[in-house]
1. Hey, among 72, 113, which residue is out of contact with any strand residue (DSSP E or B) (no Cβ under 9 Å at 6 or more places or on another chain) and within 16 Å of the ligand (Cβ to nearest atom)?
2. Give segment 71-81 a look and list any residue that's touching a helix residue (DSSP H, G or I) at 6+ places or on another chain (Cβ under 7 Å) and surrounded by fewer than 22 Cβ atoms within 10 Å (Cβ to Cβ), or say none.
3. Out of all the residues in segment 208-220, which are surrounded by fewer than 12 Cβ atoms within 10 Å (Cβ to Cβ) and more than 17 Å from residue 147 (Cβ to Cβ)?
4. If residue 390 satisfies all but one of (1) outside any helix (DSSP H, G or I); (2) more than 14 Å from the ligand (Cβ to nearest atom); (3) within 30 Å of residue 33 (Cα to Cα), what's the number of the condition it fails?
5. From 419, 403, 429, 390, which residue is at pLDDT below 95, in contact with a strand residue (DSSP E or B) (Cβ under 6 Å, 6 or more places away or on another chain), surrounded by fewer than 17 Cβ atoms within 10 Å (Cβ to Cβ) and farther than 17 Å from residue 283 by Cβ?
6. Could you list, in sequence order, all residues of segment 240-259 that are surrounded by fewer than 24 Cβ atoms within 10 Å (Cβ to Cβ) and more than 10 Å from the ligand (Cβ to nearest atom)?
7. Mind listing whichever residues of segment 90-104 are exposed (fewer than 15 other Cβ atoms within 10 Å of the Cβ) and at pLDDT 90 or above?
8. I'm checking my understanding of the structure. Among residues of segment 9-35 that are within 16 Å of the ligand (Cβ to nearest atom) and under 30 Å from residue 82 (Cα atoms), which one is surrounded by the fewest Cβ atoms within 10 Å (Cβ to Cβ)?
Ligand code: HEM
């Protein structure tokens, strides 16, 4: 029953557990064992700053290992994790992200030009197409039209297979090892692997490798402590990790931002005015508030390798502890009127390290956090500046689960109009 409630109505389930049990409670899930959830800032701080030898995230993420591969930064722990993370960190440095502004804005403008006008359009699939395009260009660094097309086709088939509810039902029933052993899944994965290995091989030989800005080219230049480069298998696993970790998450975050903004036209208007004036303070607050109110992942997990006391509870080795992002972001003493969409709160007070945690924390904090924030802000500014957006139906969209992310139930349906407000001109209310 707990697994069914967690899969079917996750937010209502979390709320009801908090009402009934308070800040600490246990969930027992099929194939996952016992999870102990925490949502008090002190407990979350203890978990995020705890020794990586005791708080294993890789082990807790092992459900992803058959797809991501054994070198993936997400499924490793302790020293092997730090080795991979250090190799990747420079490529994701916050300041480097500005190099992708033009690329992201172009992809967003092109995407917007394809949307039908004056009829309901679900943005979630459009945002998936957009974030996939950004990953193919900025992360994989593919430029040639025919190779982009081939990669797009294979990645789409693979990603659709991973988020298909029937595939998830199989994963829940059989467990990850047997679930990904199914023939259609293996085939889709094999096709993606072939094209990724091909891209790695070609890029190694590219004469302009040194001048390229994309993440794969950066990783090809990264060196282990002994001076050796990353192997093809390491590169494949990390590219797959970036794709799986970065594509659907950012697409869902953008869908939610727009789902909320179209129902708050004054806030959308403020964003548009700022975008046209070249500012970026309010859009930052909008992205933060979206990830607070509609976190894409409801929790992050760690598995204990030895007994630990957290918030007065003695937990044995082997327990999975979870920081509950969803419940943390709804604490009224941290976020007054927590259900309201109010980006202004982040203009009034900065986001707290242990209270605003959409990207997790500590040595496992999302590697692509700056990338995702930058992409969200650039896309929102581009769209707000060049189109008028209104809700297709004034009723708010509820949270629905798609694979492991939380998405708007109707896919963020909006009506798009052309009305572009020239800079400085007032837009009719
Ligand atoms: C809004 C979009 C995103 C959200 C909400 C998100 C959220 C998260 C969360 C919650 C974690 C786990 C952190 C922890 O265990 O403490 C994580 C890890 C990770 N994310 Fe993201 N992510 C997003 C976008 C991205 C993007 C765009 C990329 C890369 C292109 C990316 C790459 C990664 C990687 C590599 C890890 C593993 C880090 C490690 O284990 O050391 N993510 N992300």
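1. Residue meeting the stated conditions: 72.
2. Within segment 71-81, 71, 77, 81 qualify.
3. 210, 211
4. In the conditions (1) outside any helix (DSSP H, G or I); (2) more than 14 Å from the ligand (Cβ to nearest atom); (3) within 30 Å of residue 33 (Cα to Cα), residue 390 misses (3) alone.
5. 419
6. Within segment 240-259, just 240 meets the criteria.
7. Passing the criteria: 90, 93, 98, 99, 102.
8. Checking each candidate, the answer is 32.
The values are calculated or read from the model by the stated rules, or taken from the named source; none is laboratory data. In this text the structure is predicted, and so the values were computed from the model without any measurement. Quick reminder, even Gly has a Cβ in these numbers, built from the backbone with ideal geometry, and neighbours come from all protein chains shown.
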